[in-house]
Structures are given as structure tokens and as C-alpha cells.
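The values are calculated or read from the model by the stated rules, or taken from the named source; none is laboratory data. Here the structure is a predicted model, which is why all the values come from computation and not from measurement. All Cβ positions, even for glycine, are placed from backbone atoms using ideal geometry, and neighbour counts span all protein chains on display.
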Amino acid sequence: MSISVTGANKHYGDFAALDNVSIDIPEGSLTSLLGPSGSGKSTLLRSIAGLDSLDSGSIEINGKDVTHASPQQRDIGFVFQHYAAFKHLSVRDNVAFGLKIRKKPKAEVEAKVDELLEIVGLVGFQRRFPAQLSGGQRQRMALARALAVDPKVLLLDEPFGALDAKVREDLRKWLRRLHDEVHVTTVLVTHDQQEALDVSDRIAVLNKGRIEQIGTPDDLYDRPANVFVASFLGSTVRVNGELVRPHDIRLGRTPELAWPSLDAELDTGVIKATVQRVVHLGFETRVDLVATATGEEFLAQVTRGDANALGLRTGEEVYARATKVPEISA
Ligand SMILES: Nc1ncnc2c1ncn2[C@@H]1O[C@H](COP(=O)(O)OP(=O)(O)OP(=O)(O)O)[C@@H](O)[C@H]1O
């Protein structure tokens, strides 16, 4: 089912949590709402769910106006960051809960729960209680429970937010596979750009209650609409007044060895700089630099191999040449 939000406004006092937000979410897509804390992501998601009401604007699900419909009438599955499982029920009974209260025939419930436990990889854990699961397993149970009643739409508010980085990464890969199997129209709230880039078909970047840009991960990365989007999708630095990404900076011992950009229009030209610090971060190496001409501080990210080949040390001079972030600076 597609979702269409048009001209949504929501104020808390004179603070605009949503400021004239419009977004179309295509049927079967996985769309992320990405933005910093307080940008209005949860407010937008809760409005789609019917848990918050808009001051003005409208929401349609599959062409039907649901602006004033109750959450129950919207056929939505919802998973929050801190999922409230029924502690006294087994994993199996938690997943079956929505089906049982809808008084589905027993055989149908059993078959559906078997299928979902399989999909979320919790078959071996079905007799356990929520307290006996890891955080990641609990969130998978939450997703199974939300999917049990065949919702038209799945809304996820930072579902992996409370988990550590490695588990988050595993779960988002798993979520993407799950989505490819189940195809339910899904909206995911996240403040984590890697998560959004990894799982989404489309991303809407929010800032101060407004949508800055909507597009595919590639659209946003390759053609950011503005500095906010570019900076939120990855780190950026200013070099000679130009916005660049640290890993788009090439370093050389001579001006000629700092390679030009493939796209001449996006080339910053050669910038002489002094190395302040070299920090090895696993595969990558961060080189903190100061531009000789302007005193401007910036950093470059190079591979460990390149850094070793350059053999840079604090206080040495080096030549930097970067590719500007497209669109904005072009
Ligand atoms: N019930 C409320 N009363 C007053 N202000 C609220 C209420 N709910 C949200 N807000 C404010 O609206 C703004 C948007 O909140 P929202 O939860 O949508 O942001 P978010 O982008 O989801 O942030 P986070 O990532 O921190 O959850 C915030 O500044 C928040 O303080």
C-alpha cells in the first residue's frame, strides 16, 4: 500500500515539529526518515500511524484518506526502539498474540506463527520468555509480532537504536532481506546515515520539521540538494572554501603526485598543507592537515596502505587535491 502525506503541519506550542511536510511513499518500498534528533521523524511516523494528530494536512494510505482514522483502522504494524513484549508470554505466544485476539482459527494461527518464526530466525527460541532473549532477538520477535496480522504498512521507529553497532549492522542486513521477502510498505525512522544508506530504497532527509530532500541513496549522496544533506550523509570538510568529503582528498609528496579529479569541473586544484597528526583507524587513516596559505584546518581520509606508502609524519609538508561535493559547489 502506498502512503501519501500532503502539507502536514504539527505544532507544540509555537514550535513546529512538522512544517508543511509532503511525502509519497511507494507501495512495497522501504523508505527511511533520516535526520538529527528533534527533526520531526518520529512525529511524522506517529502521524502516519494515527498515534499523533496533525494540525493541518492530510494522510492517505492506498488512496484512502485516513487523516482522522484511528490507529486500528489503519492496519499498521509498529515497532519501537524499546519494544514492550509481554513478559509472561513465550516468544511463540507473543508472536501469536495479535492473531489470537482477532480470534483466528487455531490451525491458521499455528501455521502463521511457524512461518514468521522461521522468517525472523527464532524457531529454536520459541519456548523462551522475552527476558531470556538478547536485544537483537527481542527486536526480531517484535518484528514478527508486528507482521503477524499482515499489516498493510510497517512502521519502525529506531527499532535497532538500543543495540550495539555490530548487532545493528547484522539486523539491518536481515531487515533488508526480510523486506525483499515480505514486500510490505515499510517506513523506518533512523538518525544513522549508514543504516539508511544500507537498507533503504528511498530516503527522506528531515531537518527542523522540514524535508530537505527525498531520493534514492545514490541520488542523495551523488546529488545532495544542499549542504545539510551532504553533511548529514557523510562527513564533509571545507578546503579553500569548497565543501569536500575527507575520502575525496588525495595526498602527494609533490604537487604532481596529488592526483587531479576525474571530473575537472569538480577539482579543487592543489593545496599545500602541513601534517598535524596521522591517526590509524583500522583500514582507514585520518590525516589532520593545515592549509599553508590560509591556515585552514581540514582532514583527509586515506587507506592505511596509501598512508604507509606516503610515510607521513607530523610537521611534514604535503600536497592535497580534492573533488568537490557535486551539485552544491558546482
Ligand atoms: N508531546 C510533545 N510535546 C512537546 N514537544 C514535542 C512533543 N513531541 C515531540 N516534541 C518536539 O517536537 C520535535 C520533534 O520531535 P520528534 O520526536 O519528531 O523528533 P525526532 O526527529 O524523532 O527526534 P529523535 O531522533 O530524538 O527521536 C522535538 O523538538 C520534540 O521536542
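Of all the criteria given as (1) surrounded by 15 or more Cβ atoms within 10 Å (Cβ to Cβ); (2) at pLDDT below 90, the one not satisfied by Val109 is (2). Among the strands (runs of 3 or more DSSP E) confined to the range 30-115, the ones with at least 3 residues that are farther than 16 Å from Asp19 by Cβ and in contact with an Asp or Glu (Cβ under 8 Å, 6 or more places away or on another chain) are located at 30-34. The set of residues in the range 172-211 being surrounded by fewer than 22 Cβ atoms within 10 Å (Cβ to Cβ), more than 12 Å from the chain's Cα centre (by Cα) and polar (S, T, N, Q) consists of Asn207 alone. Counting the residues of the range 243-264 that are at pLDDT 90 or above, charged (D, E, K, R) and within 34 Å of the chain's Cα centre (by Cα) gives 3. Sub-7 Å Cβ pairs linking a first residue in the range 1-19 that is more than 11 Å from Ser47 (Cβ to Cβ) to a second residue that is within 12 Å of the ligand (Cβ to nearest atom), at least 6 apart or interchain, are His11/Ala17; Ala16/Gly209; Asp19/Gly209; Asp19/Arg210, ordered by first then second residue.
Only one of the numbered conditions (1) farther than 19 Å from Ile23 by Cβ; (2) outside any loop (DSSP other than H, G, I, E, B) is not met by Ala293, and that is (2). Restricting Ser22, Ser29, Ser37 to those that are within 15 Å of the ligand (Cβ to nearest atom), in the same structural domain as Asp52 (by TED's automatic domain parsing), in contact (Cβ under 8 Å) with a residue 24 or more places away in the chain and out of contact with any helix residue (DSSP H, G or I) (no Cβ under 6 Å at 6 or more places or on another chain) reduces the list to Ser37. When Phe228 is tested against the conditions (1) under 30 Å from Ala204 (Cα atoms); (2) touching a residue at least 40 places away in the same chain (Cβ under 8 Å); (3) in contact with a strand residue (DSSP E or B) (Cβ under 9 Å, 6 or more places away or on another chain); (4) surrounded by 13 or more Cβ atoms within 10 Å (Cβ to Cβ), the lone failure is (2).
For residues in the range 43-64 being buried (at least 22 other Cβ atoms within 10 Å of the Cβ) and not aliphatic (A, V, I, L, M), which is farthest from the ligand (Cβ to nearest atom)? The qualifying residue farthest from the ligand (Cβ to nearest atom) is Ser47.
Residue-wise test of (1) small (Gly, Ala, Ser); (2) within 30 Å of Glu108 (Cα to Cα); (3) away from the ligand (no atom under 16 Å from the Cβ).
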residue	(1), (2), (3)
Met141	no, yes, yes
Pro151	no, yes, yes
Ala165	yes, no, yes
Arg168	no, no, no
Arg172	no, yes, yes
Val187	no, yes, no
Thr190	no, no, no
Ser200	yes, no, yes
Gly209	yes, no, no
